[in-house]
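The values are calculated or read from the model by the stated rules, or taken from the named source; none is laboratory data. Just so we're clear, the structure is a prediction, and the values are computed from it rather than from any experiment. Reconstructed Cβ throughout: ideal geometry from the backbone, glycine too, with neighbour counts over all protein chains shown. We work out accessible area using only protein heavy atoms, side chains counted, and drop any ligands, DNA or RNA first. Shrake-Rupley method; radii C 1.70, N 1.55, O 1.52, S 1.80 Å.
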Amino acid sequence: NAGVTQTPKFQVLKTGQSMTLQCAQDMNHNSMYWYRQDPGMGLRLIYYSASEGTTDKGEVPNGYNVSRLNKREFSLRLESAAPSQTSVYFCASSLAGEQETQYFGPGTRLLVL
Amino acid sequence: GEDVEQSLFLSVREGDSSVINCTYTDSSSTYLYWYKQEPGAGLQLLTYIFSNMDMKQDQRLTVLLNKKDKHLSLRIADTQTGDSAIYFCAESIRGGSYIPTFGRGTSLIVHP
C-alpha cells in the first residue's frame, strides 16, 4: 500500500494563478481531510469529507474549494492564489468512526509570490 | 470549547528522558493522541489513549493522562537523536465529529 499520496511535492505560483492539489489514498478510508501547516500555528483544517459525496468546511476554508472525486481521491483547489496561502498542505485520511487515527500524506509545499 | 496547548520547544541530551506536555480544555474528550512529524514529512501516529485510562506504555513511550487537570504527557525514555521531531498532541470530542483538534506542536531537539 502506498498509503496517502500527494502531488505535486512543491509548487511556486504567482498571485492570482490557480492550481489543484491532488490527494489519493489506497486504504479504503471513508474520510479525507485537507490541512495547512504554518510556522507556530500547528495544523489547521481547511476542508474535510466524511464520506464519498460529502464535503464540509473546516477552520480556514476561505480561498479554497474541494472535490471528493471518488472514495480514493480528494482534491484541493486554489482559484486565485494569494501570498497568504503560502504554506505546507497536508492531506489525511481515516477509516471514520469514534477513534479517528489519521494517516497523512508527505505534504505539498506551496509558495505564492 | 476545543483548545489544545503545548510548549513550542524542548531540548534534551541524548540518553535522557524527554517529557512533552499538553493541556486540553474539553472534558468530554474521548481520545487523546500523540503524533510525530519528522523534518519534511507528514504526521505519523505514535500512540493514543482513551479518556477512561490513566496511563499507556509502549516500549520507550509512556503516556500519562490527568483528567482532573486536563493534562496529557508523553515521556520518551532513553531519547535518541532520531527522536528529534515535532510532536503534536490532539484530542477528539465525544458527541462531535470526532475530527481531532491539534495543538501547535512541540519541537524536540536531542543533542549529544
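Report, by residue number, each residue of the stretch B:1-21 that is touching a Lys or Arg at 6+ places or on another chain (Cβ under 9 Å) and among the hydrophobic types (A, V, I, L, M, F, W, C). Across the stretch B:1-21, the qualifying residues are B:4, B:8, B:19, B:20. Do we have residue A:50 as within 14 Å of chain B (Cβ to nearest Cβ) and aliphatic (A, V, I, L, M) here? It is true that residue A:50 is within 14 Å of chain B (Cβ to nearest Cβ) and aliphatic (A, V, I, L, M). Just so you know, in the stretch A:56-94 the residues that are open to solvent by 50 Å² or more (accessible area, probe 1.4 Å) and within 14 Å of chain B (Cβ to nearest Cβ) include one that is nearest to residue A:39 (Cα to Cα), and it is A:59.
Going by what's in this entry, would residue A:27 be described as surrounded by fewer than 17 Cβ atoms within 10 Å (Cβ to Cβ), without any contact (Cβ under 8 Å) to a residue 24 or more places away in the chain and within 14 Å of chain B (Cβ to nearest Cβ)? Can you show your working first?
Numbers: surrounded by fewer than 17 Cβ atoms within 10 Å (Cβ to Cβ): yes; without any contact (Cβ under 8 Å) to a residue 24 or more places away in the chain: no; within 14 Å of chain B (Cβ to nearest Cβ): yes.
Against the criterion (surrounded by fewer than 17 Cβ atoms within 10 Å (Cβ to Cβ), without any contact (Cβ under 8 Å) to a residue 24 or more places away in the chain and within 14 Å of chain B (Cβ to nearest Cβ)), residue A:27 does not qualify.
Inside the stretch B:24-63, residues that are away from chain A (no Cβ under 13 Å), among the polar types (S, T, N, Q), surrounded by fewer than 17 Cβ atoms within 10 Å (Cβ to Cβ) and assigned to a strand (DSSP E or B) make up a count of 1.
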